[in-house]
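Structure, as structure tokens:
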Amino acid sequence: MRTAFIQKLIEEAKSDDKIFLITGDLGFSVLEPFQQEFPDRFLNVGVAEQNMTGVAAGLAMEGYTVFTYSIANFPTLRCIEQIRYDVCYHDLNVKIIAVGGGYAYASLGASHHATEDFGMLRTIPNLTVCAPGDPIETQALVSLLTREKGPAYVRLGKAGEPKIHSSIPNIEKGEPVVVRKGKEKAVFSTGAMLKYAYDYLNNNDLQYSLYSFPFIKPINGGAIREIISSHQSIVTIEEHQKSAGFGSAILEVINDLMEANEISKFPSLKRIAIPDQFVGVAGTQEHLRGISGLFLPI
């Protein structure tokens, strides 16, 4: 995903001289093509993520569309005050790109896990929260966000994620992406869990629908209503804490639909997410997912 991100950002920056990229001393072997192409619109601020966010806010005030880039836990947990006050309070055009969401940096321990970001950030006003499921969704999101004003957060995987979609002509804010249409159950995935969900359904010959949600905030309630009308139950899966995550956001949307009398029955919903715990061991991403119970039931 990170390669897809930088390729698309370079493409967009060729036609938009207001696109600016800042890194917190990370992204080596990934960001150099942008730096070489646009040296006057690239800045490495060093290991100083809070300062990076403040600099991004200042550049945005001068009319730039600013992308910040770092490993997922650093530009979020470390910078929550700067995101809230410097960027979102002023509704500035800053896009926070977080690479290696969830357990992508599993071998580096809990300090490098980003498993609370959705919950922290989706409560902040003005902030769009995104987690593309594959490189195709990543590029579609970059194209959308370079044109849309305002703050946004994008959680990417680390590297090597396969393409699930052959193409997406466009991506609409708040809309899920249909991966496959089925019956009975609808599986909702966000972020890099999409490949696992896709393989699981295919390998077990399960004729369920699968939707990818590149947006955790906002989520189009009308789209959820339509899915509910044609399925008996919903399963959400995410590489995030169960509290306040993607599954919680879906529950909130369904509750609001019930309150507005737009649906007559609350659907059966199962949330698959990380339980209320830290994982204190190092290992592969798949190993930590297993420890946290991130797998679908048959």
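The values are calculated or read from the model by the stated rules, or taken from the named source; none is laboratory data. In this text the structure is predicted, and so the values were computed from the model without any measurement. Cβ atoms come from the backbone with ideal geometry, glycine included; neighbour counts cover every protein chain shown.
Structure notes:
- The stretch 57-82, residues that are of a type in the set (A, V, I, L, M, F, W, C) and more than 20 Å from the chain's Cα centre (by Cα): A57, L59, A60, M61
- When the stretch 28-59 is filtered for residues that are over 18 Å from I80 (Cα atoms), touching a residue at least 24 places away in the same chain (Cβ under 8 Å) and assigned to a helix (DSSP H, G or I), the ones remaining, listed by number, are P33, F34, E37, R41, L59.
- Checking A273 against (1) surrounded by fewer than 19 Cβ atoms within 10 Å (Cβ to Cβ); (2) outside any loop (DSSP other than H, G, I, E, B), the condition it does not meet: (1)
- Options A131, A159: the member that is in contact with a Lys or Arg (Cβ under 8 Å, 6 or more places away or on another chain) and either surrounded by fewer than 17 Cβ atoms within 10 Å (Cβ to Cβ) or outside the structural domain of I97 (by TED's automatic domain parsing) (or both): A159
- Members of the stretch 1-37 that are of a type in the set (S, T, Y) and closer than 18 Å to C130 by Cβ: T3
- Any chance L206 is closer than 25 Å to G293 by Cα, at pLDDT 95 or above, in the same structural domain as G245 (by TED's automatic domain parsing) and assigned to a loop (DSSP other than H, G, I, E, B): yes
- Residue ID - surrounded by the most Cβ atoms within 10 Å (Cβ to Cβ), chosen from residues in the stretch 58-103 that are among the aromatic types (F, W, Y) and in contact with an Asp or Glu (Cβ under 9 Å, 6 or more places away or on another chain): Y103
- From the options D25, D17, residue that is in a loop (DSSP other than H, G, I, E, B), within 30 Å of L108 (Cα to Cα) and among the acidic types (D, E): D25
- In the stretch 1-27, residue farthest from V154 (Cα to Cα) [restricted to those that are surrounded by 20 or more Cβ atoms within 10 Å (Cβ to Cβ) and free of Cβ contacts under 8 Å to residues at least 40 places away in the same chain]: A13
- Test for D256: is it at pLDDT 95 or above and closer than 29 Å to S107 by Cα: no
- The lone exception for G160 - which of (1) modelled with pLDDT of 95 or more; (2) on the phi > 0 side of the Ramachandran plot it fails: (1)
- Note on the stretch 145-156: residues that are within 21 Å of E62 (Cα to Cα) and either crowded, with 24+ Cβ neighbours inside 10 Å or not basic (K, R) (or both) total 7.
- Any chance L144 is free of Cβ contacts under 8 Å to residues at least 40 places away in the same chain and either touching a Phe, Trp or Tyr at 6+ places or on another chain (Cβ under 7 Å) or of a type in the set (A, V, I, L, M, F, W, C) (or both): yes
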